[in-house]
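First comes the structure, then the notes that go with it.
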Amino acid sequence: MRLSFLVIFSLITGFAVASHNKAGEITYRLVSGLTYEITVVTYTENGNSRSRQADRDQLEVFWGDFTSSIINRVSKENLPNTTWKNTYVGTHLYAGPGTFKVYLVDPNRIEGVRNMDNSFNTAFYLECTIKINPFLGANRSPVLLIPPIDYACTLRKFVHNPGAYDADGDSLVYSIIPPKQALNTDVNGFFIPQATTSFTIDRYNGELVWDSPVPGQDGKYNIAILIQEFRNGKEIGNIIRDMQIVVVICNNDPPVLTKIQDTCIEVGKTYTTVVKAIDPNAGDLIKLTAYGAPFIAPGNNATLTPFSALGKDSVKATFSWTPSCNQIRKIPYEVVCRAEDQHAAPDINLVDMKFFNIRVVGPAPKNPALAQFEDGFILKWDKDSCNEAVAYNIYRRIDSSKWKHNYCETGVPAYTGYKLYHTDTGLTNNQYYDNDGGLGLVPGTRYCYRVTSVYSPKGANNAPIYSEAAEGYSSIEVCAEITKDRPVITNVSVLKTDNDTGRIWLAWSKPLKMDSVYYPGPYKYVIFRSPDINGSTFVAIDSLSNPSFHFFNDSAYTDTVKLNTLGKQYSYKIEFYSDSFGLKRQYIGKSRPASSIYLSCIPDDEALELVWKDNVQWKNVVHTIYKWNEQTLAFDSIGTSPVQRFRDEGLINGKTYRYYIKSKGEFTVPGYVYPVINLSQEAEGIPADTTPPCPPMLSAATNCVLFNTSLKWNNPNNSCAKDIVGYNVYCRTILDTSYILIATNNSATDTTFFDARPILTKSVAACYLVTAIDSFNNESEFSNGACVDNCPEYRLPNVFTPGNDSLNDLFGPFPYRYVKKVDMSVYNRWGQLVFETHDPDINWDGKEMNTAKEVPDGVYFYICTVHELRLEGIKKRILKGTIQVIR
């Protein structure tokens, strides 16, 4: 009620309560729990008595939860160019999570704003959006460090940056929107200011460029800048700044700043650069300042020396920053440099702005080291020297990469061959045991590791924001080989393909090192088999013994026990035991599982796609594909592939073809058989056309009078297919919930369909799809959707003659179509309702609906809301007119 009174009172008194607002914004921060503090900053005119009368110590703020309160002004600063900067602060406790649009409305704006209607009598409106979501974490809005009132000259490029600083390190996105005068209501008549070239804002750094104001358009302009915060790809809040640009006619040119390149700083190190500006107008003084997060972020602050440097024609200052550990974050820190000339006409000082980004990077973990324990490695490193890491990322690859990170290159990029292997959470969790999840590392393989520290910026209440975590630089590389103290499988090769009497040749390399005193002989290998690639159900199938470890050489074994190599893939492992006489059997170690190669043939049109898979610890370098030759009655090599896939084309559909794969691999260290050769089972495949044809292109036209629709599409055989034999036609009307098949054309050349189903008399509004069918009954994807809408018709006469002569006795519409209902109201000339109905036929008999008395002759007024059936649903259309009643 308070706000309504102020608005009405301002309209009555003209200017008595006008606050003459120029610009402003609302920002917020979380205090604790569900309590938020907002800061409202308004920039108001202070140059006349009317504005002084309107000076406000308090404002009413609406919190977005159906409550409002009065907040107090905490400071008032006199700025140049007749401007007051007013700061108000208030707090509010929310009842729970939700999205809350916080706003205020204050009459009025400053008069004479050119890009809106009647600015003096237009309310000034500010808004921000607070999203309270426990899954997104606590949040603070960005704060804007550069005032929102600036000056521009006609025919001179204007540059501005709000200097936004987000303490949580969230990503910011900027866009220009119309200023508002009320909740969800833009000011009237807004337009983007005219420019000789463009008026734009950079979405990601907030640089506003007006290039340039056109002659004859000097004056005041207001725009609004929407600044959205994103965390982990989701918007978590926004603020709207209302800013003013004053364009004047002048002969002045803005100063020019030298561009500074983006950079990175490792914590503890110092970055220094010189900021320079020159002025093209001889004799002008230049004032050089800088703004941005490095100057105010908690921790070590940056310096600009001198901070407000002054120089004639040119000026320079030194920027220096040694960031501290608590300033590590993924999002760069933005520094905005501002050069303002001190022209002879003080009201038209011009500005150039340049920004550069500084990314603060965490240090590399120190002293990584490896130590073997059983069949794995213990990886250790020094705890983060910053004491700020929330986790450590561990990367692994086989063999050394010799990579060293480049400037600003954090983490471990994929091109190095390293893969993120594990993440240890917690500052003091600075060791990790790697034995491949219990499988054991492969003896003789060179494993290499790198470690990075992971940092998370601190949000409100000092809570980490894990979604915005940043990796520091990588540690040095550490590599080692597992001692070969257990058997290593080198071959699992299919010798015979059969569903019952298959054969697989298995070979392994013996251990090279063992304590024969602790494990006295004789020794035994126990062979286990599992009928799958993952080795989920190993069963012992045989064993080999030898009394002496010295004479226990590399071994081989042929498995022939009920093997279905045609339909199954097999895995094997070898366990090694000391089988001392009179002593209990002692387990020494086991090999990693290794599987056979299993080949599958996937049919395609005149082709077979060969795919195979295995699970082995050596590296397969190349695969040779063999195909049965019916002329030579032998297998021939038809190609090679470095990956586990090969396509054989030019085949005959329906004919059977037979293949097998030979892999050639190697271990990464010497001491093993080379090359490692293994064979798959023989697999058969029959090519068949399983590839859907390309879809047609569809168009549609409707006839609302005759209630039918004509469809037409192209024949894909003429462009992207060769064996189309027919088409399916699908439709979804506004009465259907999904597409249904309504017709099938059984000819490739029949590319039309005429839809005249009885259901269309109720509504022709529908969307259609067509698919193509080929000779193998493959159906294409849907065509483009072709939609047609109803063309509702509903018209009312303007006269009728009620009576009992059966001639024009009832008032009703002309013949109509596609109308669900109406809201018809008829009024007499005094504005009294005499008749209403929802029936589209209306059928008013000329009587007053409450008394059933005949209404007098004369003119009556009606408002009729017609609910029309449309493709997107029920749409309303309003008819207004008069009815002449004649008896």
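The table below gives the values:
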quantity	calculated
Residue check, F355 under 29 Å from the mean Cα position of the chain (by Cα), buried (at least 16 other Cβ atoms within 10 Å of the Cβ), among the aromatic types (F, W, Y) and at negative phi	yes
Hey, V669 within 27 Å of S571 (Cα to Cα) and open to solvent by less than 40 Å² (accessible area, probe 1.4 Å) or not	yes
Of the criteria (1) open to solvent by less than 50 Å² (accessible area, probe 1.4 Å); (2) on the phi > 0 side of the Ramachandran plot, which one T263 fails	(2)
Among residues of segment 432-446, those that are out of contact with any Asp or Glu (no Cβ under 8 Å at 6 or more places or on another chain) and open to solvent by 60 Å² or more (accessible area, probe 1.4 Å), counted	3
Residues located in segment 163-202, provided they are of a type in the set (G, A, S), farther than 26 Å from G292 by Cα and either free of Cβ contacts under 8 Å to residues at least 40 places away in the same chain or part of a loop (DSSP other than H, G, I, E, B) (or both)	G189, A195, S198
Conditions (1) open to solvent by less than 60 Å² (accessible area, probe 1.4 Å); (2) part of a loop (DSSP other than H, G, I, E, B); number of the one not met by K627	(2)
Strands (runs of 3 or more DSSP E) (entirely within segment 752-799) containing at least 1 residues that are open to solvent by less than 70 Å² (accessible area, probe 1.4 Å), at pLDDT 90 or above and aliphatic (A, V, I, L, M)	766-774, 786-788
Residue tally, condition among the small types (G, A, S) and in contact with a Lys or Arg (Cβ under 9 Å, 6 or more places away or on another chain), over segment 165-190	4
Residues that are open to solvent by less than 30 Å² (accessible area, probe 1.4 Å) and over 18 Å from T702 (Cβ atoms), drawn from segment 723-750	I724, G726, Y727, N728, N745, A748
Tabulated pairs, segment 545-562, first surrounded by 12 or more Cβ atoms within 10 Å (Cβ to Cβ) and modelled with pLDDT under 90, second of a type in the set (G, A, S) and assigned to a strand (DSSP E or B), C-beta under 6 angstrom, 6+ apart or interchain	D554/S509
Scan of segment 858-881 for residues that are more than 51 Å from the chain's Cα centre (by Cα) and exposed (fewer than 13 other Cβ atoms within 10 Å of the Cβ), ordered by number	G858, V859
Count of segment 115-145 residues which are of a type in the set (D, E, K, R), surrounded by 16 or more Cβ atoms within 10 Å (Cβ to Cβ) and out of contact with any Leu (no Cβ under 7 Å at 6 or more places or on another chain)	2
In segment 563-601, residue modelled with the lowest pLDDT [restricted to those that are aromatic (F, W, Y) and surrounded by fewer than 21 Cβ atoms within 10 Å (Cβ to Cβ)]	F581
Residue pairs meeting the criteria (Cβ under 7 Å; at least 6 apart or on separate chains; first under 20 Å from L833 (Cβ atoms) and small (G, A, S), in segment 874-887; second open to solvent by 70 Å² or more (accessible area, probe 1.4 Å) and assigned to a loop (DSSP other than H, G, I, E, B))	G881/N798
Extreme residue, farthest from the chain's Cα centre (by Cα), among residues of segment 171-195 that are closer than 30 Å to I331 by Cα and not hydrophobic (A, V, I, L, M, F, W, C)	P179
Residues that are in contact with a Lys or Arg (Cβ under 7 Å, 6 or more places away or on another chain) and of a type in the set (D, E), drawn from segment 207-248	D211
Condition check for T691: closer than 27 Å to N777 by Cα, open to solvent by 10 Å² or more (accessible area, probe 1.4 Å) and hydroxyl-bearing (S, T, Y)	yes
Hits in segment 224-255 (condition: in contact (Cβ under 8 Å) with a residue 60 or more places away in the chain and among the small types (G, A, S))	G237
Residue satisfying condition, being in a loop (DSSP other than H, G, I, E, B), modelled with pLDDT under 95, under 29 Å from I130 (Cβ atoms) and not aromatic (F, W, Y), within set N251, N205	N205
Looking only at segment 800-815, and only at residues there that are in contact (Cβ under 8 Å) with a residue 60 or more places away in the chain and in a loop (DSSP other than H, G, I, E, B), the one that is least open to solvent (accessible area, probe 1.4 Å)	P802
Answer from T258, T289 - the residue that is out of contact with any Cys (no Cβ under 7 Å at 6 or more places or on another chain), polar (S, T, N, Q), within 17 Å of F319 (Cβ to Cβ) and free of Cβ contacts under 8 Å to residues at least 60 places away in the same chain	T289
Some residue of segment 147-160 being in a strand (DSSP E or B), crowded, with 21+ Cβ neighbours inside 10 Å and among the small types (G, A, S)	yes
Test: residue in segment 115-138 that is outside any strand (DSSP E or B), more than 38 Å from the chain's Cα centre (by Cα) and of a type in the set (A, V, I, L, M)	no
Subset of segment 693-705 [part of a loop (DSSP other than H, G, I, E, B) and modelled with pLDDT of 90 or more]	P693, C694, P695, P696, M697
From S663, S641, residue being under 26 Å from S509 (Cβ atoms) and surrounded by 15 or more Cβ atoms within 10 Å (Cβ to Cβ)	S663
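To keep it simple, each residue is scored yes or no on (1) out of contact with any Cys (no Cβ under 9 Å at 6 or more places or on another chain); (2) within 27 Å of H20 (Cβ to Cβ); (3) modelled with pLDDT under 90; (4) among the small types (G, A, S).
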{"site": "G98", "(1), (2), (3), (4)": "yes, no, no, yes"}
{"site": "E111", "(1), (2), (3), (4)": "yes, yes, no, no"}
{"site": "D117", "(1), (2), (3), (4)": "yes, yes, no, no"}
{"site": "A123", "(1), (2), (3), (4)": "yes, yes, no, yes"}
{"site": "I146", "(1), (2), (3), (4)": "yes, yes, no, no"}
{"site": "D150", "(1), (2), (3), (4)": "yes, yes, no, no"}
{"site": "N161", "(1), (2), (3), (4)": "yes, yes, no, no"}
{"site": "P178", "(1), (2), (3), (4)": "yes, yes, no, no"}
{"site": "A182", "(1), (2), (3), (4)": "yes, yes, no, yes"}
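Residue-wise test of (1) polar (S, T, N, Q); (2) surrounded by 18 or more Cβ atoms within 10 Å (Cβ to Cβ); (3) farther than 25 Å from G24 by Cα.
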position	(1), (2), (3)
K234	no, no, yes
Q244	yes, yes, no
N251	yes, no, yes
V256	no, no, yes
T272	yes, no, yes
I286	no, yes, yes
A293	no, yes, no
I296	no, no, no
T303	yes, no, yes
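The values are calculated or read from the model by the stated rules, or taken from the named source; none is laboratory data. For clarity, every value in this text was computed on a predicted model and none was experimentally measured. So basically every Cβ, Gly included, is an ideal-geometry build from the backbone, and we count neighbours across all protein chains shown. For accessibility, only protein heavy atoms count, side chains too; no ligands or nucleic acids. Shrake-Rupley method; radii C 1.70, N 1.55, O 1.52, S 1.80 Å.
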